[in-house]
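Inspection log for the structure reproduced underneath, given as structure tokens.
The values are calculated or read from the model by the stated rules, or taken from the named source; none is laboratory data. Computed from a predicted structure; not experimentally measured. Here the Cβ positions follow ideal geometry from the backbone for every residue, glycine too, while neighbour counts run over all protein chains shown.
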Amino acid sequence: MRNTAPAGNLAATGVVPGFPQAGRIAARGSTVLALFGALIIWLALLGPFAVLIQHLSLHSIRAALGPPGALGPLWISLGASAIALGVMVLFGTPLAYLLARGRLPLARLVELGIMLPLMMPPLVIGLLLIFLIGPQGTLGNLLADIHLTGVNTFFALIVAEFYEAAPFYVLGAHAAFSSVDPRIEQDATLLGDRPLQAFWRITLPLAAPGLATGLATAWARAMGAFGAVIIVAYYPRGLPNQIFIAFQEFGLSGALPFALLLVVAALPLPILAYLWSARTRARVAGAETP
Amino acid sequence: MSPKAPPLLEVDIEVKRRQVVVEASFALDAGERLAIFGTSGAGKTTILESVAGLTRLSRGKVRVENKLVAGRVKGEATMAPRHRQVALVRQPTTLFPHLTAEQNVAYAIRHSPAGTRVDELLERLGLSSLARARGAALSGGQRQRVALGRALAGPFRVLLLDEPLSAVDIAAREPLRLLTIETSLARDAAGILVTHDLAEAQAFSDRLGIIDGGQLLQVGGALEVVLSPATRRVAELVGYAGFVPHPARPGCWYAIHPDRLVHATVPERGVVLEGTVLSTRPFGLRYECTVTTRSGEQFTVHLDTPPPGGTEASFTAIDPPLVGA
């Protein structure tokens, strides 16, 4: 944002050498155009939500979510996503930090590996996961020895969600850690901190807004994961699967209540994370004084 | 005679940078302070970062209390940063941006010697009213005060200062300088200040080092280096603004300092120079004149009452040092 400020001011004052009047008109024109474009994008993005609200009736919600066990898919999705996120944070955070500090050999290759699941169609990931952790795979055999089956189990659901969501967290955390000046970490260690203390007192609070945003995005992806999930974990039925099945069996009106449930369950965390990180960033940037 | 104890800080380093190879070798005892003066890009910051153990050395080592801080010595590991007892004030200032001024200064208090008082320090730094402000709300000079306070409140035996007062108003520097020297003496520490301000360098320390192109050219007393520069380059750096060849010794010059000239002919006090006054301009409370000698050398002189431009005049350089190339 800050980088664009001078250019914006230039346009607003209409400084086009030689043609001050023409410059002012052009500047005003481009501002109107930009505002119009922004509005269109914003409306287009919000459109589906409007439709969702418009087409829901209290009756259909009660009919779909009322029966006993109807909320089962919600608990399954919440549980699997929470575990997938926990694993992501536990292993993804150190990975992102080491990448950001350039302490990994072949960092580019590692980064590419993290991004690969993002570039692959989720359905294909699902198929490949069957080979990887399914009963006929080598890893699957090992998993079977500890009574973990990689197909149509809660474990498989977690793995599938992890594949769809983890890159968002690791890449977000990578960016967050990169934004922290390594020199101030050095300052903290010279002032007597152990490396882990410096991480806890300096790096983590400064990277927290970015980490929260990455985590929130990953959470939304995990909750909504479908492509890989429907291949390797048709059961146990999470919310996205439930939406798909209800849609096939009862049509739009049967699927929409579950869609609402998914949105209501998945969205608050990202929105809170966004608001919190925006406030924290503003405070550190000095926009808000104590 | 008992064997002399090793100095508190021993530095003997070579660091390869893209532009220059930085080489320095010196030692400081407890309570000693060294100011390193040089132009920007001369390698001043590199020396500080090397002493703090933050730069990879291409050769040499740094020891604090006879323990290895930087460099490779067989069978001896370098100390972890937290054990080095080195405080570093960087340029540009690096504060912890999410913490207030007070929290920055108090950051290392848990590792500091008992009796370190943050409130007292904030007051002496002139930061009492800004204790709860964060870095982004502070001016450049205020940020430098916070950074200085953070270093002084921390645990250290070696204090490294990279232009710590450059953004502080000149009138406000003296109390901060005193605070720095006092604290460093109280901790029985060694101090290194790097600056491109000669007056600042001399005010901070009793020893002065001149660095140029990565080389520490001369180290000596704060006044001694200026009075008797070892080479023509050192003389240029410390303010000599004219060089007149020695009549009998080729390759040797009298170094002429603008403040060590009188507008009179006094051969028994130094070297008499005659020439034409080229130009005159105000210089603080005095005037600065540029003069050309008959043989074509130029020098500048600071005078209370300058001769008019274009006139012939005679000056005496008081005991000018003789410098080689």
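Is it true that some residue in segment B:103-112 is within 27 Å of residue B:205 (Cβ to Cβ), of a type in the set (Phe, Trp, Tyr) and at pLDDT 95 or above? Looking for residues that are within 27 Å of residue B:205 (Cβ to Cβ), of a type in the set (Phe, Trp, Tyr) and at pLDDT 95 or above, one finds at least one in segment B:103-112, hence yes. Any residue at all in segment A:221-233 that's touching a residue at least 40 places away in the same chain (Cβ under 8 Å) and among the charged types (D, E, K, R)? Checked segment A:221-233: at least one residue is touching a residue at least 40 places away in the same chain (Cβ under 8 Å) and among the charged types (D, E, K, R).
Being more than 30 Å from residue B:122 (Cα to Cα), touching a helix residue (DSSP H, G or I) at 6+ places or on another chain (Cβ under 9 Å) and surrounded by 19 or more Cβ atoms within 10 Å (Cβ to Cβ) is a property that does not hold for residue B:64. Any chance segment B:176-184 includes a residue that's within 14 Å of another protein chain (Cβ to nearest Cβ), of a type outside the set (Val, Ile, Thr) and either in contact (Cβ under 8 Å) with a residue 60 or more places away in the chain or touching a Gly at 6+ places or on another chain (Cβ under 6 Å) (or both)? Scanning segment B:176-184 turns up no residue that is within 14 Å of another protein chain (Cβ to nearest Cβ), of a type outside the set (Val, Ile, Thr) and either in contact (Cβ under 8 Å) with a residue 60 or more places away in the chain or touching a Gly at 6+ places or on another chain (Cβ under 6 Å) (or both).
Residue-by-condition table, conditions (1) β-branched (Val, Ile, Thr); (2) more than 19 Å from residue B:208 (Cβ to Cβ); (3) surrounded by fewer than 22 Cβ atoms within 10 Å (Cβ to Cβ):
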| residue | (1), (2), (3) |
| --- | --- |
| B:6 | no, yes, yes |
| B:18 | no, yes, yes |
| B:29 | no, no, yes |
| B:35 | no, no, no |
| B:38 | no, no, no |
| B:45 | yes, no, yes |
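Picking from residues in segment B:160-173 that are surrounded by 12 or more Cβ atoms within 10 Å (Cβ to Cβ) and of a type in the set (D, E, K, R), the one that is nearest to residue B:46 (Cα to Cα) is B:162.
Tallying residues that are closer than 18 Å to residue A:161 by Cα and of a type outside the set (Lys, Arg) within segment A:228-258 yields 16. Screening segment B:73-84 for residues that are touching a residue at least 24 places away in the same chain (Cβ under 8 Å) and surrounded by fewer than 21 Cβ atoms within 10 Å (Cβ to Cβ) and picking the one that is farthest from the other protein chains (Cβ to nearest Cβ) gives B:78. Within segment B:208-221, the set of residues being more than 14 Å from residue B:25 (Cβ to Cβ) and surrounded by fewer than 20 Cβ atoms within 10 Å (Cβ to Cβ) comprises B:213, B:220, B:221. Residues of segment B:230-250 that are surrounded by fewer than 19 Cβ atoms within 10 Å (Cβ to Cβ) and assigned to a helix (DSSP H, G or I): B:232, B:233, B:236.
Do you know which residues across segment B:251-279 are outside any strand (DSSP E or B) and of a type in the set (Ser, Thr, Tyr)?
Of the residues in segment B:251-279, the ones outside any strand (DSSP E or B) are B:251, B:256-260, B:263-269.
If the condition is that a residue be outside any strand (DSSP E or B) and of a type in the set (Ser, Thr, Tyr), then B:265 is the only one that fits.
What pairs come up if the first residue lies in segment B:95-115 and is more than 10 Å from chain A (Cβ to nearest Cβ), the second is polar (S, T, N, Q) and crowded, with 23+ Cβ neighbours inside 10 Å, and their beta carbons are under 7 Å apart, counting only those six or more places apart or on different chains? Taking only residues 6 or more apart or on different chains, not a single pair turns up.
In segment B:126-161, the residue that is farthest from the other protein chains (Cβ to nearest Cβ) out of those that are more than 21 Å from the chain's Cα centre (by Cα) and hydrophobic (A, V, I, L, M, F, W, C) is B:127.
Please report, ordered by residue number, the helices (runs of 4 or more DSSP H) entirely within segment A:95-209 with at least 1 residues that are more than 30 Å from residue B:158 (Cα to Cα).
By residue number, A:107-119, A:122-133, A:138-145, A:154-178.
No other residue among B:317, B:235 is closer than 29 Å to residue B:202 by Cβ, among the small types (Gly, Ala, Ser) and more than 26 Å from the chain's Cα centre (by Cα) apart from B:317. Of all the numbered requirements in (1) within 20 Å of residue A:239 (Cα to Cα); (2) in contact with a helix residue (DSSP H, G or I) (Cβ under 6 Å, 6 or more places away or on another chain), residue A:49 misses one, and that requirement is (2).
One residue stands out among those in segment B:47-61 that are more than 16 Å from the chain's Cα centre (by Cα) and surrounded by 17 or more Cβ atoms within 10 Å (Cβ to Cβ): the one that is farthest from the other protein chains (Cβ to nearest Cβ), which is B:60. Suppose we filter A:64, A:107 for residues that are in the same structural domain as residue A:237 (by TED's automatic domain parsing) and either among the hydrophobic types (A, V, I, L, M, F, W, C) or surrounded by 10 or more Cβ atoms within 10 Å (Cβ to Cβ) (or both); which single one remains? Going through A:64, A:107 in turn, just one is in the same structural domain as residue A:237 (by TED's automatic domain parsing) and either among the hydrophobic types (A, V, I, L, M, F, W, C) or surrounded by 10 or more Cβ atoms within 10 Å (Cβ to Cβ) (or both): A:107. In summary, residue A:77 fulfils each of the numbered conditions (1) modelled with pLDDT of 85 or more; (2) surrounded by fewer than 13 Cβ atoms within 10 Å (Cβ to Cβ) with the single exception of condition (2).
So in segment A:182-211, with the set limited to residues that are among the small types (Gly, Ala, Ser) and surrounded by 23 or more Cβ atoms within 10 Å (Cβ to Cβ), which one is farthest from residue A:114 (Cα to Cα)?
We begin by selecting, within segment A:182-211, every residue among the small types (Gly, Ala, Ser); these are A:188, A:192, A:198, A:207-208, A:210.
Within this subset, residues satisfying the condition of being surrounded by 23 or more Cβ atoms within 10 Å (Cβ to Cβ) are A:188, A:192, A:207.
Working: A:188: 30, A:192: 35, A:207: 20 Å.
Only one residue fits best here, namely A:192.
Checking the condition outside any loop (DSSP other than H, G, I, E, B), touching a Phe, Trp or Tyr at 6+ places or on another chain (Cβ under 9 Å), within 14 Å of chain A (Cβ to nearest Cβ) and among the small types (Gly, Ala, Ser), which residue from B:87, B:70, B:35 passes? Please lay out each step first, then the result.
Values: B:70 fails: touching a Phe, Trp or Tyr at 6+ places or on another chain (Cβ under 9 Å); B:35 fails: within 14 Å of chain A (Cβ to nearest Cβ).
Of B:87, B:70, B:35, the one residue that is outside any loop (DSSP other than H, G, I, E, B), touching a Phe, Trp or Tyr at 6+ places or on another chain (Cβ under 9 Å), within 14 Å of chain A (Cβ to nearest Cβ) and among the small types (Gly, Ala, Ser) is B:87.
Can you confirm whether residue B:241 is small (Gly, Ala, Ser), in contact with a Lys or Arg (Cβ under 7 Å, 6 or more places away or on another chain) and within 18 Å of residue B:231 (Cα to Cα)? Spelling it out, it is not the case that residue B:241 is small (Gly, Ala, Ser), in contact with a Lys or Arg (Cβ under 7 Å, 6 or more places away or on another chain) and within 18 Å of residue B:231 (Cα to Cα).
Those helices (runs of 4 or more DSSP H) of segment A:235-290 in which 3 or more residues are without any contact (Cβ under 8 Å) to a residue 24 or more places away in the chain and within 14 Å of another protein chain (Cβ to nearest Cβ) occupy A:268-284.
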